[in-house]
Amino acid sequence: MTSRDSSDKRNLTVVGLQWGDEGKGKIVDYLAGDYDAVARFNGGSNAGHTVVIGKARYTFHLVPSGALKRKRLLIGPGVALDPGILAEELELLGAHRIRTNLMIDGRCTLVSPMEKRLDEFFEGLRGPLSLGTTKRGIGPSYAMRALRLTPRAGDLFTGFDARPVTKYYESFGLKSGEFKAWLRRSTEVLDGMLGDVGSEVDRISERGGSVLFEGSQGALLDILHGSYPYVTSTQTVAGFVPASLGVKASRMGKVLGVVKCYTTRVGEGPFPSEVKGVLGRKMREAGREYGATTGRPRRVGWLDLVALKYAIRINGAEEVALTKVDVPAGLKHFKVCVAYSLDGSEITDFQRAQGHLDEVVPVYEEPGNLFGSSFGDGVPAQVKRLVRYLERSLRVKVGIISYGEERSRTVGQ
Ligand code: IMP
Ligand code: MG
């Protein structure tokens, strides 16, 4: 076996296994110390990855969550990059005296103010069938890329012909002058930061270094495999790592799925184990479940093993990090959805239920509640029982438990 292969084995891909907001930022921050670089491979500033250190709270939308561990940071070509948001984030880190060593791939899709307008426009067009997007322009920017109209990051420096794209914007009544000003400003922001991220990953690996690949959103928001049309506009599954970065498949290393011990969803779309009313509000407040990007209240519900088994399968997740187990400690009940009931029959295959997710009735088990459990003297017995239950049901190891937002409240198992 070559040294290259053995360094790939140390690599790690961290992905969300629900509808996003599983706590990936916190887990990536916890693990980043063991890696030489942290690379984003999908999504854009629709993501909100929060890391809390003492009283300081950092929310990253574009910069990889390894920033606080001063790691080599990489943004791969599969990311939709909003240069304005990137500039704000880098400024904020600078204000905290955190120096970043960031490379952005020249093939990144760019997000301009025009795509944000189009996001609003298309959401308005859908009316009552709107998706509840983050309105960050992410979907329209990938669409513009698919139409091959929009410049990529590197194209700003090679004399991109903007006539077709400005004609397109004008057809929507948008003024192209603003776009041209944005092109100039973005060129200033990105100057000196662009490179070939795939080659950089290979270079790091060939020198025996390791890379952590940080996913955004979650499996059920994947544009191909999620609850379409209520999904985001990229792939979110681990298999997207090599394709989007342009590296061989073995580079993705082991796959770690992040799972919150209940479920949340922000935006529209089916949610079989959703809990509404007083209990739902209580869970939302206990978990501070408000969107890190939009501030919207997140919908909350019980853990859904049907959806999780599917997410584990399509990601090939070998291990799970279980987050926010402190939240159910305030609840007298703790339910887990083990099947869906549809027209008198039980479904345990999420893919079979797709298309009927609004009609299915969740079948629950109560694997013991977590009421009053506290981590003062290590992992409490109730949590250990839940972990064993999940390991049995999901057939994966729960390798990490996180029980609060502060950086220190994460333990390896
Ligand atoms: P978009 O990605 O802004 O187009 O939004 C499409 C759907 O994905 C909406 O339901 C969003 O709320 C959801 N979404 C996008 N990014 C995130 C995220 O980082 N966490 C949770 N939900 C997200
Ligand atoms: Mg988030």
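Assuming charge only on the beta carbon of Lys and Arg (+1) and of Asp and Glu (-1), the dipole of the range 109-190 about its Cα centre is about 40 debye to the nearest 20.
What is the ratio of the Cα radius of gyration of the chain to 2.2 N^0.38 Å, with N the residue count, to two decimals? Write down the numbers at each step before the final one.
Numbers: Rg = 21.2 Å, N = 413, 2.2 N^0.38 = 21.7 Å.
Relative to the 2.2 N^0.38 Å estimate, the chain comes out at 0.98.
Residue by residue, the range 71-78 carries 3J(HN,Hα) couplings of 8, 4, 10, 10, 10, x, x, x Hz when phi is fed to the Karplus relation 6.51 cos²θ - 1.76 cosθ + 1.60 (θ = phi - 60°); x denotes Gly or Pro.
What percent antiparallel are the DSSP beta bridges of the chain, to the nearest 5?
35
Spacing of the modelled spin labels on GLU88 and ARG313, each 7 Å from Cα toward Cβ, amounts to 4.0 nm.
Accessible surface of GLU268, taken over heavy atoms with a 1.4 Å probe and every protein chain present, rounds to 90 Å². The portion of the accessible surface of the chain made up by carbon and sulfur, rounded to a whole percent, is 50 (1.4 Å probe; DNA, RNA and ligands excluded).
Spatially, the range 348-384 and the range 303-347 are offset by 5 Å when compared through their Cα centroids. Accessible surface ranking for LEU92, LEU31, 1.4 angstrom probe, highest first: LEU92, LEU31.
When DSSP beta bridges are limited to those with both residues in the range 1-94, what percentage is antiparallel, rounded to the nearest 5? Among the beta bridges of the range 1-94, antiparallel pairing accounts for roughly 55 percent.
May I ask you to compute the full-extension gain from PHE172 to LYS135, defined as 0.36 nm times their residue separation minus their alpha-carbon distance, rounded to one decimal in nm? If you can, show how the numbers build up before the last one.
On the way: separation 37, 0.36 × 37 = 13.32 nm, distance 1.70 nm.
Going from the current span to full extension adds 11.6 nm.
Here the alpha carbons of the range 1-111 define both size measures, Rg and Dmax, at 14.1, 46 Å.
What does the extension gain come out to for GLN413 and PHE157, with contour length at 0.36 nm per residue minus their alpha carbon separation? Full-extension gain reported as 87.3 nm. The trypsin sites (Lys or Arg not before Pro) of the range 5-61 meeting both criteria, a DSSP state outside H, G, I, E and B (loop) and at most 14 other C-beta atoms within 10 angstrom of the site's C-beta, are LYS55.
Hey, which lysines would be in cross-link range of LYS332, C-alpha to C-alpha under 29 Å, not counting anything within fewer than 8 residues on its own chain? Result set, ordered by chain and number: LYS24, LYS26, LYS260, LYS276, LYS282, LYS309, LYS324, LYS384, LYS397. The residue among GLY287, THR348, LEU390 whose Cα reaches farthest toward the positive pole of the charge dipole of the chain, with charges on the beta-carbon of Lys, Arg, Asp and Glu, is GLY287.
Under a model in which nothing but the beta-carbon of Lys, Arg (+1) and Asp, Glu (-1) is charged, the chain shows a dipole of about 620 debye around its Cα centre.
Pick out, in residue order, every one of the trypsin sites (Lys or Arg not before Pro) in the range 273-326 that is DSSP loop and has at most 16 other C-beta atoms within 10 Å; say none if there are none. Hits after loop and neighbour filter: LYS276, ARG288.
Calculate how large, on average over all directions, the projected area of the Cα convex hull of the range 351-409 is; give the answer in nm² to one decimal. For the range 351-409, the mean projected area of the Cα convex hull comes to 6.2 nm².
In a fully extended conformation the segment linking GLN354 and GLU406 would gain 15.1 nm over its present Cα-Cα distance, using 0.36 nm per residue. Counting only residues at least eight positions apart within a chain, or on another chain, the lysines with an alpha carbon under 21 Å from that of LYS175 are LYS116, LYS135, LYS167. For the range 109-190, the Cα gyration tensor yields ellipsoid semi-axes of 23, 13, 11 Å (square root of five times each eigenvalue, largest first, whole Å).
The values are calculated or read from the model by the stated rules, or taken from the named source; none is laboratory data. Treat the numbers as computed from the prediction; the structure is a model and nothing was measured. Backbone-built Cβ (ideal geometry, glycine too); neighbour counts: all protein chains shown. Keep in mind that these areas ignore ligands, DNA and RNA; they rest on the heavy atoms of the full protein, side chains included. Shrake-Rupley method; radii C 1.70, N 1.55, O 1.52, S 1.80 Å.
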